[in-house]
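Only one structure is covered here, and it is reproduced in the block below.
The values are calculated or read from the model by the stated rules, or taken from the named source; none is laboratory data. Not measured: the values here are computed from a predicted model. A quick note on method: Cβ atoms are made from the backbone with ideal geometry, for glycine too, and the neighbour counts reach across all protein chains shown.
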Amino acid sequence: MSESSHLSTSERIEIVKWYAMYQNAGEVARQFQQCYDRTLPTRKNILNHVRKFDETGSVEDEPRSGRPRSVSTDENKERVRAAFKESPATLLRRALSDLNLSKSSLQRMMKKLGLKPYRPQLLHALNEDDPDRRCEFADIFLKLVAKDTSFPDRTVWTDEATFKLNGHVNRHNCVYYATEKPHIVITQEINATGIIVWAGIWSGGLIGPFFFRDTVTGRSYLEMLDEKIVPAIEYQMNSEEIFYMHDGAPARYQQFVRRFLDKTFHDRWIGRRGPIDWPARLPDLTPIDFFVWV
């Protein structure tokens, strides 16, 4: 680095002023030492600044040719770090615009800062008493299996799925930049409108699918049970000891739906406040989620 690059613009201006007054580089050096109390510019350096001012009217260095200096300065790194700390979900293209940096420079600095992209995990929200109700169901299930090992083979696990054309969480567009995994969780809405499909699964295969014309209500669910679901189950399973499982959605909790299940399956149905109580918000224990809706 040249000696002139150590001088600020104001120092260079003072050098030109002193030379205009004294016409002597040595005197300029003494004035500089008295004023700034640091390393003196050489006689050659003083004369170069005076000559540059006479020729260009400026004391600033001319733009240099060749490879540009790197923008990965400590100042820019701090700007990048602060930007993603304040808003870790900032999209890369937005950061490029806000920080006025090239894509390659930004990615290089993010790598040096240890910033990595993490995507959120989708998780159903849980209530405070849900873990206890899960344990209660697990105990009941194990007792039924111990009493009759064929019990799981005679159970029909059912659920509906809504296939949406829009409005779902796209994890490919949800990226969080951080030095450590932030464990971001997004609670996904599960009762959105769309095409609703019912299906059941048991050890012998798939039952359905059956399609609802509109939103599932107690009446439409009862109609589906009576006209399609129960006949399909009886046709495939050909057994009087069928266990029917569904979750506790409002349509399934209607009193007339529960009366129909009591009449059809007696005490062999699993559901909200049924003979075998099914805990709410229990997607990790629903086989159909793993074998049908994946």
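Results, tabulated for the structure shown:
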item	result
Failed item in (1) farther than 19 Å from Glu180 by Cβ; (2) in contact with a strand residue (DSSP E or B) (Cβ under 9 Å, 6 or more places away or on another chain); (3) among the charged types (D, E, K, R), with Lys116 passing the rest	(1)
Failed condition for Lys228, given (1) surrounded by fewer than 17 Cβ atoms within 10 Å (Cβ to Cβ); (2) within 37 Å of the chain's Cα centre (by Cα); (3) over 19 Å from Arg154 (Cβ atoms)	(2)
Flag for Leu40 being closer than 30 Å to Met21 by Cα, at pLDDT below 80 and surrounded by 13 or more Cβ atoms within 10 Å (Cβ to Cβ)	yes
